[in-house]
Amino acid sequence: MIDRRGFLGAAGAGAIGLAAGMPRARARAATSAGATVDVLLDEPIGRIRPEIYSHFTEHIGGVIYDGIWVGPDSKVENVGGIRKQLVDYMKRLGKVAIRWPGGCFADIYHWRDGIGPVEKRPRRFGRWREVTEPNTFGTHEFMRFCRLCGDEPYFAANVGAGDPTEFQHWVEYCNAPAGSTTLADERVANGDRDPFKVAYWGVGNESWGCGGKFTPEDYCKEYRRFTEWVPEYGVKLKLVAAGPNGNDLDWTRRFLAKWLDGARAPLHAFAAHYYCGTTGHALEFSVDQWYEMLHKGNYMETLVRDQWAAMGEFDRERRVKLIIDEWGAWHPEGTGINPNHQFEQMGCLRDALVAALTLDVFNRHADKIDMANVAQLINNIHSLFLADGDRFVCTPNFHVFEMYRPHHGATSVRVEAQAPGVSFKAGDREESIFRVAGSASKGEGKAVTLTLVHSHASEPLEAEIRLKGAQAASVRKVVLTHEELNAHNTFDAPDVVAPVASATDLNGGAFRVVLDPASVTRLDVTLA
């Protein structure tokens, strides 16, 4: 473990404003003051769609095989081959959406390879490296996983190596009523009489890169071809175009200009991807790198604002929503639990704060964002779970998603946080990051949820919470933090980083809360 005191020796006291050698007790008692958080309950932003808290699963490394799918004959407890423990924890996160089968894998995936008797399914090249894709886990298995979890499916279609007919036949196979078409009858013969009723369909993936290396104009032409005459069968389809790499405004503008050129294709949402990358290593980093990682994660705020503004230049009626269907930190290899789990990494407290501040960004822009999918669910980057055989553990990211569940379906309201920034060095540059940021929502009845990320690595902070036009009758506090900045959960120590809930005696229109260093805090407010 790397503790905050150890960081000071390596990074210098100036990085976090503590005197060298200052005892931890004194440092933690030296609570900074002057922070205020105004919760403007009379300024609604929009409904927070639960889909903002969605997930991404790809046929890569240990995500599908060993993560989700263990097989019906496995010694691991399973439901028809699907890891039961994973399903049990997924149910705790509420009804969201799950994206599948990729990612880059989607653009070489032919859906017919994954239906019918398992022993007759073809074995293919696994795309990411020279491994065999057995196609044991296909459309029916994925739908079973979604149903067990109570989640909605979000399919990614093959544009890079597929064609419009293949895509449209997949929609028909999934959604056509039994007896209506030959493809519907085939689905019934393969075990599912009832239609899957899949609404979300991504038309390609990263079409600027692994999805075909298209120009925006050429991809838009393909998008039009793929989305013309798609059968609905009573399902209002939500067709999603592949958006830019990060905050590439040129891609966005060129795609949408072509989209308007002559004939608009049906377009429900535009999907950007943003990985905030890494600073240092998954479990080894300096205090400056702690701040730099959070700073890079917080760039999501700029991306959402910039992309939404550019989209509005072409869609003045705001019919097209923004989706972020891949996001998260991405660290160097070296902390994976199984060498066959490609890109697997250990998630620590720092990743949890990246997740929390990102979800707060999405909440604050609830009027713009239709869905967001953290990458990826299990045994990969920024994962909520790690599994290897019969061993299983929740990462700190899982706890953040569960902590934020009260926001689901609630109305986002404006929050104004005022606090001194925190300075740090990124290479040779002097930078600063927010001290406190968060989001708030108004739920049913008198429930208000406020979530706050406190970025300071070592000092607590006293913040005055001010409810505009309302009084709190009671306040419950839930905190996720740890003494070590790189604290993480393992198979042998699964509860190292876990939230702690406590009642408080706080009430009134304004009250003071002490925020722990390096923490995520949820305040459950019941209004008078």
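Could you list, in sequence order, all residues of region 405-431 that are of a type in the set (D, E, K, R) and surrounded by fewer than 18 Cβ atoms within 10 Å (Cβ to Cβ)?
405, 414, 416, 428, 429, 430, 431, listed by residue number.
For region 388-404, does any single residue satisfy the condition of being small (Gly, Ala, Ser) and open to solvent by less than 10 Å² (accessible area, probe 1.4 Å)?
Here is the first cut: in region 388-404, the residues small (Gly, Ala, Ser) are 389.
Still in the list and also open to solvent by less than 10 Å² (accessible area, probe 1.4 Å): none.
Among the residues of region 388-404, not one is small (Gly, Ala, Ser) and open to solvent by less than 10 Å² (accessible area, probe 1.4 Å), which makes the answer no.
Would you kindly identify the helices (runs of 4 or more DSSP H) lying entirely within region 125-193 that contain at least 2 residues that are among the polar types (S, T, N, Q) and in contact (Cβ under 8 Å) with a residue 12 or more places away in the chain? Before you say what the answer is, go through the steps one by one.
Details: elements: 139-149, 164-175, 182-189.
Those helices (runs of 4 or more DSSP H) span 164-175.
Table: residues versus (1) assigned to a loop (DSSP other than H, G, I, E, B); (2) basic (Lys, Arg); (3) at pLDDT below 95.
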| residue | (1), (2), (3) |
| --- | --- |
| 231 | yes, no, yes |
| 264 | yes, yes, yes |
| 275 | no, no, no |
| 280 | yes, no, no |
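With 236, 197 as the choices, which residue is assigned to a loop (DSSP other than H, G, I, E, B), at pLDDT 95 or above and over 22 Å from residue 368 (Cβ atoms)?
Working: 236 fails: over 22 Å from residue 368 (Cβ atoms).
One residue alone meets the criteria, 197.
Quick one: in region 109-124, which of the residues that are outside any loop (DSSP other than H, G, I, E, B) and among the hydrophobic types (A, V, I, L, M, F, W, C) is most open to solvent (accessible area, probe 1.4 Å)? Walk me through how you get there before you give the answer.
Kept after step one, since they are outside any loop (DSSP other than H, G, I, E, B), are these residues of region 109-124: 111-114, 118-120, 124.
Filter again for among the hydrophobic types (A, V, I, L, M, F, W, C), leaving 111, 118.
Values: 111: 7, 118: 67 Å².
The extreme case among them is 118.
Which count do you get for residues in region 182-206 that are crowded, with 18+ Cβ neighbours inside 10 Å and either farther than 30 Å from residue 265 by Cβ or aromatic (Phe, Trp, Tyr) (or both)?
Qualifying residue count, region 182-206: 3.
Of everything in region 91-117, what is under 16 Å from residue 128 (Cβ atoms) and out of contact with any Pro (no Cβ under 6 Å at 6 or more places or on another chain)? Give them in sequence order. Before you say what the answer is, go through the steps one by one.
Taking region 91-117 and keeping what is under 16 Å from residue 128 (Cβ atoms), we get 100-109.
Correct list: 100, 101, 102, 103, 104, 105, 106, 107, 108.
Would you pick out the residues in region 254-313 that are of a type in the set (Lys, Arg) and within 14 Å of residue 353 (Cβ to Cβ)? Steps first, please.
Taking region 254-313 as the starting set, the residues that turn out to be of a type in the set (Lys, Arg) are 254, 258, 264, 296, 305.
Scanning region 254-313 gives a single hit, 296.
Would you check which residues across region 508-528 are open to solvent by 40 Å² or more (accessible area, probe 1.4 Å) and more than 23 Å from residue 405 (Cα to Cα) and list them? If you could, list the steps in order and put the result at the bottom.
Taking region 508-528 and keeping what is open to solvent by 40 Å² or more (accessible area, probe 1.4 Å), we get 510, 512, 514, 516, 526, 528.
Hits for region 508-528 are 510, 512.
Give me the residue from region 61-108 that is open to solvent by 10 Å² or more (accessible area, probe 1.4 Å) and of a type in the set (A, V, I, L, M) and, out of that set, nearest to residue 240 (Cα to Cα).
108
List the residue pairs whose Cβ atoms are under 8 Å apart, where the first residue sits in region 349-364 and is closer than 13 Å to residue 276 by Cβ, the second is part of a helix (DSSP H, G or I) and among the polar types (S, T, N, Q), and the two are 6 or more positions apart or on different chains.
Once the first residue is closer than 13 Å to residue 276 by Cβ and sits in region 349-364, its partners that are part of a helix (DSSP H, G or I) and among the polar types (S, T, N, Q) give 351/397; 355/397.
When residues of region 474-510 are filtered for being within 17 Å of residue 283 (Cα to Cα), touching a strand residue (DSSP E or B) at 6+ places or on another chain (Cβ under 6 Å) and polar (S, T, N, Q), how many remain?
Total satisfying the criteria: 3.
Between residues in region 483-494 that are touching a residue at least 40 places away in the same chain (Cβ under 8 Å) and residues that are of a type in the set (Asp, Glu) and in a loop (DSSP other than H, G, I, E, B), which pairs lie under 9 Å by C-beta distance while being six or more apart or on different chains?
That search, which allows pairs on different chains as well, returns 486/284; 489/495.
Name every residue in region 47-60 that is assigned to a strand (DSSP E or B) and either more than 21 Å from residue 439 (Cα to Cα) or open to solvent by less than 20 Å² (accessible area, probe 1.4 Å) (or both), in order of residue number. Working first, answer last.
First, pick out the residues of region 47-60 that are assigned to a strand (DSSP E or B): 47, 54-56.
Scanning region 47-60 gives 54, 55, 56.
Given the conditions (1) at negative phi; (2) open to solvent by 10 Å² or more (accessible area, probe 1.4 Å), and given that residue 334 satisfies all but one, which numbered condition is not satisfied?
In the conditions (1) at negative phi; (2) open to solvent by 10 Å² or more (accessible area, probe 1.4 Å), residue 334 misses (1) alone.
Can you name every residue in region 432-444 that is among the β-branched types (Val, Ile, Thr) and either open to solvent by 50 Å² or more (accessible area, probe 1.4 Å) or in contact with a Gly (Cβ under 7 Å, 6 or more places away or on another chain) (or both)? Show your work before the answer.
In the first step, residues of region 432-444 are kept if they are among the β-branched types (Val, Ile, Thr); the result is 433, 436.
Within region 432-444, just 433 meets the criteria.
Residue by residue through region 445-483, note down the ones that are open to solvent by 40 Å² or more (accessible area, probe 1.4 Å) and touching a helix residue (DSSP H, G or I) at 6+ places or on another chain (Cβ under 8 Å).
Answer for region 445-483, where residues must be open to solvent by 40 Å² or more (accessible area, probe 1.4 Å) and touching a helix residue (DSSP H, G or I) at 6+ places or on another chain (Cβ under 8 Å): 447, 482, 483.
Please find, within region 224-257, the residue that is surrounded by the most Cβ atoms within 10 Å (Cβ to Cβ) out of those that are closer than 21 Å to residue 162 by Cβ and touching a Pro at 6+ places or on another chain (Cβ under 7 Å).
255
Condition check ((1) outside any loop (DSSP other than H, G, I, E, B); (2) in contact with a Leu (Cβ under 7 Å, 6 or more places away or on another chain); (3) small (Gly, Ala, Ser)) across all residues:
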{"residue": "310", "(1), (2), (3)": "yes, yes, yes"}
{"residue": "322", "(1), (2), (3)": "yes, no, no"}
{"residue": "325", "(1), (2), (3)": "yes, no, no"}
{"residue": "343", "(1), (2), (3)": "no, no, no"}
{"residue": "360", "(1), (2), (3)": "yes, no, no"}
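The values are calculated or read from the model by the stated rules, or taken from the named source; none is laboratory data. Predicted, not measured: the structure shown is a model, and the values here were computed from it. When we count neighbours, we look across all protein chains shown, and the Cβ atoms used for this are built from the backbone with ideal geometry, even at glycine. To get the accessible areas, we keep the full protein, side chains included, count just its heavy atoms, and leave off ligands, DNA and RNA. Shrake-Rupley method; radii C 1.70, N 1.55, O 1.52, S 1.80 Å.
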